[in-house]
Amino acid sequence: MKENDCFLKGEGVWFRYRACGLIIEEGCVLFAGNDKDDYYYSVGGAVRVGETAQEAARREVLEETGVSYEPERLVFVHENLFEGRGTLAGYPICHEVALYFLMKPRGTRTLRPHGTTNGGERETMHWLPAERLREYRAFPAFLADYLPELPQGVTHIVTRNEQTGTRKRAHQK
């Protein structure tokens, strides 16, 4: 984590304010992965103090993919409460608030990825078929319920222990 990230950690607790880019090209959605974690995760990262979530989504997508995407609109507000595993092992209480921005498509899946996780693990990008997303261990899992057709408004979603399968939907505005 960078010093100016909106992020807190203490004894057994971890919190992050995160902005994500939802990138859909040619019927596939982009996810990240690394060698330490046994699942795929959304492209994005911590919002920095003084930065809007939209600015953070644009920056994080560029950092992770090597390609500039522009945010189109906010689609999801996700409150995620879970027990840390993999790169978050040692944190029994994790709480993340993430804003998901649909990024304007570029018409190509060509990327120039070069990122690493905050733990130093090399990140790789993966295009997963939107219609078959349930076949993958990909988080947030709620995306499989909403792809390939996204809601028109902003949807607020709360999940608890998503990695163990317990999901709860909140409301759509």
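The values are calculated or read from the model by the stated rules, or taken from the named source; none is laboratory data. Predicted model only: the values in this text are computed from it and were never measured. We place every Cβ from the backbone using ideal geometry, glycine too, and count neighbours over all the protein chains shown. Side chains included, ligands, DNA and RNA excluded: accessible areas come from the protein's heavy atoms. Shrake-Rupley method; radii C 1.70, N 1.55, O 1.52, S 1.80 Å.
Please give the length that would be gained between Tyr39 and Glu135 if that part of the chain were fully extended, namely 0.36 nm times their separation in residues minus their C-alpha to C-alpha distance (nm, one decimal).
Details: separation 96, 0.36 × 96 = 34.56 nm, distance 1.17 nm.
Residue separation times 0.36 nm, minus the Cα-Cα distance, leaves 33.4 nm.
State, as an integer percentage, the relative contact order of region 1-152 based on alpha-carbon contacts under 8 Å between residues 6 or more apart.
Numbers: 332 pairs, mean separation 45.6, N = 152.
It rounds to 30 percent for region 1-152.
Using the basic label-point model (7 angstrom from Cα toward the beta carbon), what is the Arg160 to Phe15 distance in nanometres?
1.8 nm
What does the charge count around Ala130 come to, taking other residues whose C-beta lies under 15 Å from its C-beta (Lys +1, Arg +1, Asp -1, Glu -1)? Intermediate values should be presented prior to the final figure.
Details: positive: Arg109, Arg132, Arg134; negative: Glu25, Glu26, Glu131, Glu135, Asp145, Glu149.
Cβ neighbours under 15 Å give a net charge of -3.
I want to check the label-to-label distance for Arg73 and Glu149. Put each point 7 Å from Cα in the C-beta direction and report it in nm to one decimal.
Going by the 7 Å Cα→Cβ label model, 1.5 nm.
Starting from a Cα-only point model with no solvent, please compute log10 I(q)/I(0) by Debye for the chain at q = 0.09, 0.10, 0.12, 0.15 1/Å.
-0.27, -0.34, -0.50, -0.82
At 1.4 Å probe size, with the rest of the protein present, what percent of the exposed accessible area of the chain is carbon and sulfur atoms? Before the final figure, lay out each step's value.
On the way: 4270 of 8900 Å².
Roughly 48 percent of what the probe reaches on the chain is carbon or sulfur.
In the chain, what % of DSSP beta bridges are antiparallel (nearest 5)? The partial results should precede the final answer.
Values: 36 of 54 bridges.
The antiparallel fraction comes to roughly 65 percent.
Multiplying the sequence separation of Trp127 and Arg109 by 0.36 nm and subtracting their Cα-Cα distance, what value in nm do you get? Don't skip to the answer; put the middle values down first.
Details: separation 18, 0.36 × 18 = 6.48 nm, distance 0.79 nm.
Result for the pair: 5.7 nm of gain on full extension.
With every protein chain kept in place and ligands, DNA and RNA left out, what is the accessible area per residue of the chain? Probe 1.4 Å, answer in Å². Spell out each step's value before the answer.
Numbers: 8900 Å² over 173 residues.
I get 51 Å² per residue for the chain.
Please give me, ordered by residue number, the GluC sites (Glu not before Pro) of region 56-131 that lie in loop per DSSP and have at most 16 other Cβ atoms within 10 Å. Before the final figure, lay out the partial values.
On the way: sites: Glu60, Glu63, Glu64, Glu72, Glu79, Glu83, Glu96, Glu121, Glu123, Glu131; in loops: Glu83, Glu121.
Loop-located and lightly packed - Glu83, Glu121.
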